[in-house]
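What follows is one structure encoded as structure tokens, with my remarks underneath.
The values are calculated or read from the model by the stated rules, or taken from the named source; none is laboratory data. Note that this is a predicted model, so its numbers are computed, not measured. Positions of Cβ are backbone-derived with ideal geometry, glycine not excepted, and every protein chain shown enters the neighbour counts. With ligands, DNA and RNA removed, areas are computed over all heavy atoms of the protein, side chains included. Shrake-Rupley method; radii C 1.70, N 1.55, O 1.52, S 1.80 Å.
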Amino acid sequence: MKLVFAGTPEVAVPALDALIASDRHEVAAVVTRPDAPAGRGRRLVASPVAERAEEAGIEVLKPVRPRDEAFLARLREIAPDCCPVVAYGALLPRAALDIPAHGWVNLHFSLLPAWRGAAPVQHAILVGDEMTGASTFQIEEGLDSGPVYGVITEHVRPSDTSGDLLTRLAFAGAGLLAATMDGIEDGTLKAVPQPSEGVSHAPKITVEDAHVDFAAPALRVDRVVRGCTPAPGAWTLFRGERLKLIQTALLPDRTDLAPGLLDAGKNQVFAGTGSHAVELLWVQPQGKKPMKAADWARGVRIAPGEKLGTADVG
């Protein structure tokens with residue numbers, strides 16, 4: 001089939017690579033979000049998908065809005081048979097959905113109908129799912145509600161961050177998307193409507209969602225840290241400034257610390273929660289680089305009674 005691939009972030013690149021490598025399909029063009037400011041200089045930078053497509057000599061389309069007539073006209077000229085999608089980042093209008101003969105097929109990182117929305121991997125970790133996966137489905141105008149072509153499953157490991165899990169799903173899902181294109185081409189794969197039961201939603205995680213409440217049980221604290229790493233980044237307050245929490249570990253045998261209360265030894269830093277303590281392993285103070293929590297604690301010289309989550313001692 002002639003394909004137009006739509007995607008934007010790094011997580012979409014493995015799927016694009018798999019389709020480029022296929023000897024059955026031609027990636028005629030790529031659709032991605034417009035260049036965005038990045039870095040300290042805030043200069044405009046192309047998306048990872050755009051960079052990969054340019055390396056491969058593939059035409060790159062960067063519409064400000066997918067409803068723009070110039071974009072729709074170019075898509076009609078290309079006349080793709082199917083448009084595979086991975087994390088494109090914009091809603092597709094009916095005028096675009098109707099152009100390819102086999103529609104637009106999305107690779108979504110959950111076992112649909114669970115976790116429809118922008119942040120399925122983060123939400124799976126936040127609620128403690130033990131199993132997740134990826135699905136390919138036909139895009140329709142509803143939110144991730146179209147019929148499903150295929151799924152793969154993936155265990156959520158106890159130490160997984162959303163970044164760890166998303167990376168594994170991106171590579172496993174790339175094979176699923178390529179296989180889905182094969183099945184659509186040869187007519188052996190039919191999309192099956194999603195069940196009406198088991199629907200859950202995964203809206204984008206905000207910075208406020210990533211605020212760690214040390215009055216919550218330790219398991220919740222650990223899940224917020226893992227689910228919000230690397231983005232948007234779990235955080236708390238220390239002496240009135242934000243402290244990013246990059247990695248923690250559960251300590252079920254220690255229950256002597258009040259919520260947020262810090263206990264810093266020579267090589268370890270502990271913080272109380274609403275249940276048992278957690279160990280802080282890696283943190284990032286405001287305006288600084290990530291560092292081991294023990295190094296951070298030595299540098300700030302934690303006083304007796306100091307807590308996370310407050311600006312004051314006591």
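Reachable lysines from Lys307, Cα under 28 Å, same-chain residues fewer than 8 places away excluded? Output for Lys307: Lys244, Lys266, Lys288, Lys289, Lys292. Considering only alpha-carbon pairs that sit under 8 angstrom and 6 or more positions apart, the relative contact order computed for the stretch 24-174 is 16 percent.
Ligands, DNA and RNA left out, the accessible area of the stretch 233-275 computed with a 1.4 Å probe is 49% carbon and sulfur.
Taking amide H as placed 1.01 Å from N in the peptide plane, Glu59 has its amide H under 5 Å from the amide H of Val30, each at least 5 places away in sequence or on another chain.
Restricting to DSSP H runs of at least four residues, report the calculated mean residue ellipticity at 222 nm for the chain, -39500 (n - 2.57) per run over all residues, nearest 500 deg cm²/dmol.
-7500 deg cm²/dmol
Straight-line reach from Lys2: taking Cα to Cα under 22 Å and skipping same-chain neighbours fewer than 8 places apart, the lysines in range are Lys62, Lys190.
Per-residue Karplus couplings for the stretch 28-45, computed as 6.51 cos²θ - 1.76 cosθ + 1.60 with θ equal to phi - 60°, are listed in order as 7, 6, 10, 10, 8, 6, x, 3, 10, x, 8, x, 5, x, 6, 7, 6, 10 Hz, Gly and Pro entered as x.
Simple point charges give the picture: +1 on the Cβ of Lys and Arg, -1 on the Cβ of Asp and Glu, and for the stretch 1-160 a dipole about the Cα centre of about 500 debye.
Normalise the Debye intensity by I(0) for the stretch 168-304, one equal point scatterer per Cα, no solvent, then take log10 at q = 0.11, 0.13, 0.14 Å⁻¹ and round to two decimals. Results for the stretch 168-304 at q = 0.11, 0.13, 0.14 Å⁻¹ read -0.54, -0.65, -0.71. Summed over the residues of the stretch 239-314 and divided among them, the accessible surface reaches 56 Å² per residue at a probe radius of 1.4 Å.
Based on the alpha-carbon gyration tensor of the stretch 24-109 and its eigenvalue square roots a ≥ b ≥ c, which shape applies: rounded if a/c is under 1.5, prolate if not and a/b is larger than b/c, or oblate? Since a/c reaches 1.5 and a/b is larger than b/c, the shape of the stretch 24-109 is classed as prolate.
Calculated accessible area for the stretch 78-237 comes out at 42 Å² per residue, all protein chains present (probe 1.4 Å; ligands, DNA, RNA ignored). Amide H to amide H distances under 5 Å link Glu154 with Thr132, Gly133, where only residues 5 or more positions off or on other chains count and H is placed in the peptide plane. Sorting 162-172, 279-289, 220-230, 33-43 by average packing, meaning the other beta carbons within 10 Å per residue, from highest down gives 220-230, 162-172, 279-289, 33-43.
Calculate, in whole percent, how much of the Cα-Cα pair population of the chain lies beyond 33 Å. Tail of the P(r) past 33 Å holds 36 percent of the pairs.
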